[in-house]
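S.K.: Here it is, the structure in full.
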Amino acid sequence: MRVIIVGGVAGGASCAARLRRLDENAEILMVERGPYVSYANCGLPYYIGGVIEQQSSLLVATTDTFRDMFAVDARTNCEVVGIAAGEKTVQLKDGVTGEMTTEPYDKLVISPGAAPIRPPWPGIDLPGIFGVRTVPDAAQIRAWIDERRGRSAGMDSYTGFQTRRRKLRAVVVGGGFIGIETAENLVGLGFEVTLLQRGDQIMGPLDIEMARYVERHLDKHGVRILLNDAVSGFREAAGGALEVLTEAGKAYPADIVILGIGVKPETALAEMAGIEVGKLGGIRVDDQMHTSDPDIFAVGDAVEKRDCITGEWSLVALAGPANRQGRIVADVIAGRDAHFRGTQGTAILGAFGGAVAWTGVNEKTLKRLGDEDYEKIYLYPNSHAGYYPGATLLAMKVIFRKSDGKVLGAQAVGQEGVDKRIDAFAMAIQMGATVYDLEECELCYAPQFGMAKSPANFAGMVGANVLRDDMALVHWSDLGDGFLLDVRHPEELAVEHLPGVVNIPVDELRARLDELPRDREILVICRSGQRAYYATRVLVQNGFTARTVAGGMLSHEIFATL
Ligand code: FAD
């Protein structure tokens, strides 16, 4: 059997290597348009910033590795420029010599990835405006930066006593993964960084209140974030610099511009092959990654996948799904009954010592779909036991079904342990777990790593309390004219409190119940929701009507900014 794989990185390379492990006799040809196979595009922002010093560190495997270890004919600088699906042949163009050849296949696997979006803005082709996709892109950016840093080391202005260097300025367009990771690295290189974001939040997969934490963190570390404005064009400025022009009529000077406004599935091959492309612009595949042509498979960033929670088609450009899909295709070609379970978009982003991660569905998607069968909770657990030095706060939002408790999504922001928390939720979601399962899950604990009740247990307990009606919740957006009772200590209220709240610390509550109204609903506030829950239990069991304000003042602080 002859298998041709187009694209030699995440999806393509994992398919080639797996297929060889399953079928020693298959003839495997893997073609890659660029100069490298199997490179770590996820490391590119860190190569730009010099955190990864050597370009060679980005090259996970070479064509030699594929030839020697896997007996795969891997060709770089080799582009598929035509597919004759009827005849089952592809046309290849050698990027160095221009020579064209035709190769037959029994099965064709397409993993061409997604290309950075580059709108036709005036001035977009001016030197100094970069996307970040490939090793050559990153090398060009690094060379551009090195050249400018060399120049700025000279005298820029003379104060009479000393020479002053002007800080180099970067404008990053788009607050997604690539924009933020590159922004962090540019700050590390001494740039003044401005990040422009069209909508009202960065990090689209997060709900807006969780994105606010990330925005604050970036701001604290020197990234100026400008929301609700979009690029309208670019123009040259004095001294070889650029100006980024915006729809709001602003002009931001820049020595470099990084475009991180998203990616678009590469569908040229699909068009050549006449296979179906979906409404979102990705190649349509079934759960075995077959395209509409049974002998052509597609994987990775180029395909539309079913979201495993909403069941909707979705585009997810992440390395994990691309690798898993490549492996599934190899299994299917080798005759195994492998299926892709759909994607849940589990992802993490790190910047300036903090991290934000998420999995599953967010609230705004549920709202868009008109799905009201969900509840959300906000938690602020310590990253590890508070008595062990160095614990920091995590901010978490967990979404679950009201009807059956199934966990639907989780988002977390913090400095430590964000990844392991979201990984636990990711696994729970894939297994169809409920908040009742989370209550019972047994996770590792020692004081320097976590807490005896891990955030997953904690979320399960809170969620299950809500569903069992042990903890009636009210959200900040729905307070109405309830009677506000703050059960924190007066010293805490001195720092911040809501106007008109009545303060009875939780440990005095039982003795002071006669100060509270029996004819009004009492909405109970504390710092994070925990003491408010204790107080609500006291009140309810003493005949009051009471609800806990979800997330307490820690959530209020964020909701107040929305
Ligand atoms: P790619 O890895 O993009 O490979 C596609 C290859 O196909 C390309 O090399 C292209 O040259 C080649 N090709 C296209 N057309 C042809 C043709 N006609 N002929 C021959 N070859 C062709 N994901 C994460 O999960 N975590 C991260 O931290 C992360 N960071 C990232 C950082 C950056 C800067 C970038 C760019 C991506 C990052 N990603 C990350 C996304 C991840 O890299 C992709 O989801 C993954 O690489 C997709 O794999 P793929 O095989 O679909 O496409």
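The values are calculated or read from the model by the stated rules, or taken from the named source; none is laboratory data. The structure displayed is predicted, hence computed values, not measured ones. Note: ideal-geometry Cβ built from the backbone for every residue, glycine included; neighbour counts use all protein chains shown. Keep in mind that these areas ignore ligands, DNA and RNA; they rest on the heavy atoms of the full protein, side chains included. Shrake-Rupley method; radii C 1.70, N 1.55, O 1.52, S 1.80 Å.
S.K.: Could you count how many residues in region 345-390 are more than 30 Å from R21 (Cβ to Cβ), among the β-branched types (V, I, T) and not in a loop (DSSP other than H, G, I, E, B)? Outline the logic, then answer.
M.R.: Of region 345-390, the ones more than 30 Å from R21 (Cβ to Cβ) are 349-358, 360-390.
With among the β-branched types (V, I, T) added as a condition, the list becomes 356, 361, 365, 377.
Retained after the next criterion (residues that are not in a loop (DSSP other than H, G, I, E, B)): 356, 365, 377.
Going through region 345-390 one residue at a time, the tally reaches 3.
S.K.: Right, another one. Tell me which of these E53 doesn't satisfy, since it passes every other one: (1) within 9 Å of the ligand (Cβ to nearest atom); (2) free of Cβ contacts under 8 Å to residues at least 40 places away in the same chain; (3) of a type outside the set (S, T, N, Q); (4) under 30 Å from I180 (Cα atoms).
M.R.: (1)
S.K.: Would you mind telling me which numbered condition in (1) at pLDDT 95 or above; (2) within 19 Å of the chain's Cα centre (by Cα); (3) within 16 Å of the ligand (Cβ to nearest atom) T343 fails?
M.R.: Status for T343: all satisfied but (1).
S.K.: In this structure, does A74 turn out to be touching a residue at least 60 places away in the same chain (Cβ under 8 Å), small (G, A, S) and open to solvent by less than 20 Å² (accessible area, probe 1.4 Å)?
M.R.: So A74 fits the description; yes.
S.K.: What number goes with the only condition from (1) at pLDDT 95 or above; (2) at negative phi; (3) within 11 Å of the ligand (Cβ to nearest atom) that G7 does not pass?
M.R.: That leaves (2) as the condition not met.
S.K.: Could you tell me which residue of region 18-43 is farthest from the ligand (Cβ to nearest atom), considering only residues that are part of a helix (DSSP H, G or I) and either among the small types (G, A, S) or open to solvent by less than 70 Å² (accessible area, probe 1.4 Å) (or both)? Even if it seems obvious, please write down each step before you answer.
M.R.: Narrowing region 18-43 to residues part of a helix (DSSP H, G or I): 18-22, 41-43.
Next cut, either among the small types (G, A, S) or open to solvent by less than 70 Å² (accessible area, probe 1.4 Å) (or both) only: 18-20, 22, 41, 43.
Working: R18: 13, L19: 15, R20: 17, L22: 19, N41: 4, G43: 8 Å.
In this case the residue turns out to be L22.
S.K.: A further question follows. So in region 407-421, with the set limited to residues that are of a type outside the set (D, E) and free of Cβ contacts under 8 Å to residues at least 40 places away in the same chain, which one is farthest from T365 (Cα to Cα)? Write out each step before concluding.
M.R.: Step one: list which residues in region 407-421 are of a type outside the set (D, E), which gives 407-415, 417-418, 420-421.
Adding the requirement that they be free of Cβ contacts under 8 Å to residues at least 40 places away in the same chain leaves 417, 420.
Numbers: G417: 26, K420: 24 Å.
Ranking the candidates gives G417 first.
S.K.: How about region 436-473: which of its residues are of a type in the set (D, E) and surrounded by 15 or more Cβ atoms within 10 Å (Cβ to Cβ)?
M.R.: D437, E439 - these are the residues of region 436-473 that are of a type in the set (D, E) and surrounded by 15 or more Cβ atoms within 10 Å (Cβ to Cβ).
S.K.: Has region 81-88 got at least one residue that is more than 9 Å from the ligand (Cβ to nearest atom), surrounded by 14 or more Cβ atoms within 10 Å (Cβ to Cβ) and not in a strand (DSSP E or B)?
M.R.: yes
S.K.: Does L92 fit the bill of being modelled with pLDDT of 95 or more, under 26 Å from T267 (Cβ atoms) and either within 14 Å of the ligand (Cβ to nearest atom) or not in a helix (DSSP H, G or I) (or both)?
M.R.: For L92, the condition - modelled with pLDDT of 95 or more, under 26 Å from T267 (Cβ atoms) and either within 14 Å of the ligand (Cβ to nearest atom) or not in a helix (DSSP H, G or I) (or both) - is met.
S.K.: Can you tell me which residues in region 332-344 are part of a loop (DSSP other than H, G, I, E, B), in contact with a strand residue (DSSP E or B) (Cβ under 7 Å, 6 or more places away or on another chain) and touching a residue at least 60 places away in the same chain (Cβ under 8 Å)?
M.R.: Q344
S.K.: Among the candidates G320, G278, G311, single out the residue that is farther than 23 Å from R2 by Cα, under 18 Å from the mean Cα position of the chain (by Cα) and surrounded by fewer than 20 Cβ atoms within 10 Å (Cβ to Cβ).
M.R.: G320
S.K.: Across region 480-505, which residue is farthest from E375 (Cα to Cα) among those that are of a type in the set (A, V, I, L, M) and open to solvent by 30 Å² or more (accessible area, probe 1.4 Å)?
M.R.: Ranking the candidates gives A494 first.
S.K.: Considering region 98-133 alone, what residues qualify as being open to solvent by 50 Å² or more (accessible area, probe 1.4 Å), hydrophobic (A, V, I, L, M, F, W, C) and over 30 Å from R148 (Cα atoms)?
M.R.: M100
S.K.: Only one residue in V329, V361, V356, V316 is closer than 19 Å to I429 by Cα and in contact (Cβ under 8 Å) with a residue 60 or more places away in the chain. Which one?
M.R.: V356
S.K.: Taking V214, is it farther than 19 Å from V187 by Cα and within 16 Å of the ligand (Cβ to nearest atom)? Outline the logic, then answer.
M.R.: Values: farther than 19 Å from V187 by Cα: no; within 16 Å of the ligand (Cβ to nearest atom): yes.
In short, no.
S.K.: Enumerate the strands (runs of 3 or more DSSP E) found wholly within region 198-273, keeping only those where 1 or more residues are among the polar types (S, T, N, Q). So that I can check it myself, show each step before the final result.
M.R.: On the way: elements: 223-226, 231-236, 242-246, 251-254, 256-259, 263-265.
Per the criteria, 231-236, 242-246.
S.K.: Please go through region 289-308 and pick out each residue that is open to solvent by 10 Å² or more (accessible area, probe 1.4 Å) and part of a strand (DSSP E or B).
M.R.: Passing the criteria: H290, R306, D307.
S.K.: Quick check: anything in region 43-55 out of contact with any Gly (no Cβ under 9 Å at 6 or more places or on another chain), among the hydroxyl-bearing types (S, T, Y) and at pLDDT 95 or above?
M.R.: Yes, region 43-55 contains at least one residue that is out of contact with any Gly (no Cβ under 9 Å at 6 or more places or on another chain), among the hydroxyl-bearing types (S, T, Y) and at pLDDT 95 or above.
S.K.: To continue, here is another question. Filter region 112-128 for residues that are more than 16 Å from the ligand (Cβ to nearest atom) and in contact (Cβ under 8 Å) with a residue 40 or more places away in the chain; which is nearest to V257 (Cα to Cα)?
M.R.: G128
S.K.: In region 283-340, how many residues are away from the ligand (no atom under 16 Å from the Cβ), at positive phi and at pLDDT 95 or above?
M.R.: Selection size over region 283-340: 1.
S.K.: Among the candidates P505, P447, which residue alone is in contact (Cβ under 8 Å) with a residue 60 or more places away in the chain and over 26 Å from M210 (Cβ atoms)?
M.R.: P447
S.K.: Using beta carbons and a limit of 8 Å, which pairs, at least six apart or on different chains, have the first residue in region 550-562 and over 12 Å from L479 (Cβ atoms) and open to solvent by 10 Å² or more (accessible area, probe 1.4 Å) and the second one among the hydroxyl-bearing types (S, T, Y) and not in a loop (DSSP other than H, G, I, E, B)?
M.R.: L554/Y378
S.K.: Now, a different point. Against the definition (in a helix (DSSP H, G or I) and open to solvent by less than 10 Å² (accessible area, probe 1.4 Å)), how does L509 come out, yes or no?
M.R.: When the stated conditions are applied, L509 passes them.
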